Amino acid sequence: MTPAGDAPTLERPVPLTDVETLRAMLERHEPVTVLDIRPSVERAEWSIPGSVHRDAYDALRAGDPSALADVALPIDRPVVTVCGAGRTSEIAAVELRRRGLDASSLMGGMKAWSLAWNTAELSAPHATLIQFRRTGKG
């Protein structure tokens, strides 16, 4: 039992996926499922394109082990769980790993995603331009 307002303690370390790795996976169209567990209000503001949503944040923070029980996810690809800062998505990843899924948590959550950048090379007469773009836009 955890004190009110405290997230449950993780039983074991959970694999983490950094923003750069996830960004590259998505750009290469690798098979990966991004599971956003934030409250619907936060999700409505912005999200990672192509991500799946389940409003499980409060249930996971309260220690409800059934918070993700009815989420149907492909078993043939990794799952990266996402929340605002990365702590509650670690709890989600632990729960999914208990179900046998290859789950990790996005390190730093959407706060880290908002700082992700990528580049694009553009050809112009007599020059090559490199454009820096923010991947995560909130």
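Values quoted throughout were computed directly from the atomic coordinates according to the rules given, and no laboratory measurement underlies them. Predicted model, so just to flag it, every value in this text is computed and none were measured. Backbone-built Cβ (ideal geometry, glycine too); neighbour counts: all protein chains shown.
Database remark: amide H of GLY84 closer than 5 angstrom to the amide H of MET110 (H placed geometrically; neighbours at sequence offset of 5 or more, or on other chains; Pro and chain starts carry no H). Each residue of the range 36-46 is assigned a 3J(HN,Hα), and the resulting list reads 8, 9, 5, x, 4, 4, 5, 4, 4, 6, 5 Hz, derived from the Karplus form 6.51 cos²θ - 1.76 cosθ + 1.60 (θ = phi - 60°), x at Gly and Pro. Out of every Cα pair in the range 16-134, what percent are spaced more than 20 Å from each other? Here the long-distance tail beyond 20 Å is 43 percent of all Cα pairs in the range 16-134.
Only residues of the range 66-91 count here: report those whose backbone N is under 18 Å from the spot 7 Å along Cα→Cβ of MET25, or say none. Once the point is set 7 Å along Cα→Cβ of MET25, 72-91 turn out to lie under 18 Å by backbone N, inside the range 66-91. Residues THR33, THR21, THR81, arranged from fewest to most other Cβ atoms within 10 angstrom of their Cβ, appear as THR21, THR33, THR81.
Each residue of the range 66-79 was assigned a 3J(HN,Hα) from its phi angle through the Karplus curve 6.51 cos²θ - 1.76 cosθ + 1.60 (θ = phi - 60°); the sequence is 9, 4, 10, 4, 9, 7, 8, 10, x, 8, 9, 8, x, 10 Hz, with glycine and proline shown as x.
Electrostatic tally near PRO78: other residues with Cβ closer than 14 Å to its Cβ, Lys and Arg +1, Asp and Glu -1, net 0.
Going by neighbour counts of Cβ atoms within 10 Å, the residues ILE75, ILE91 line up, fewest first, as ILE75, ILE91. Can you list the residues, at least 5 places off or on another chain, whose amide H is less than 5 Å from the amide H of THR17, using H built in the peptide plane? Hits under the 5 Å cutoff: SER105, LEU106, MET107.
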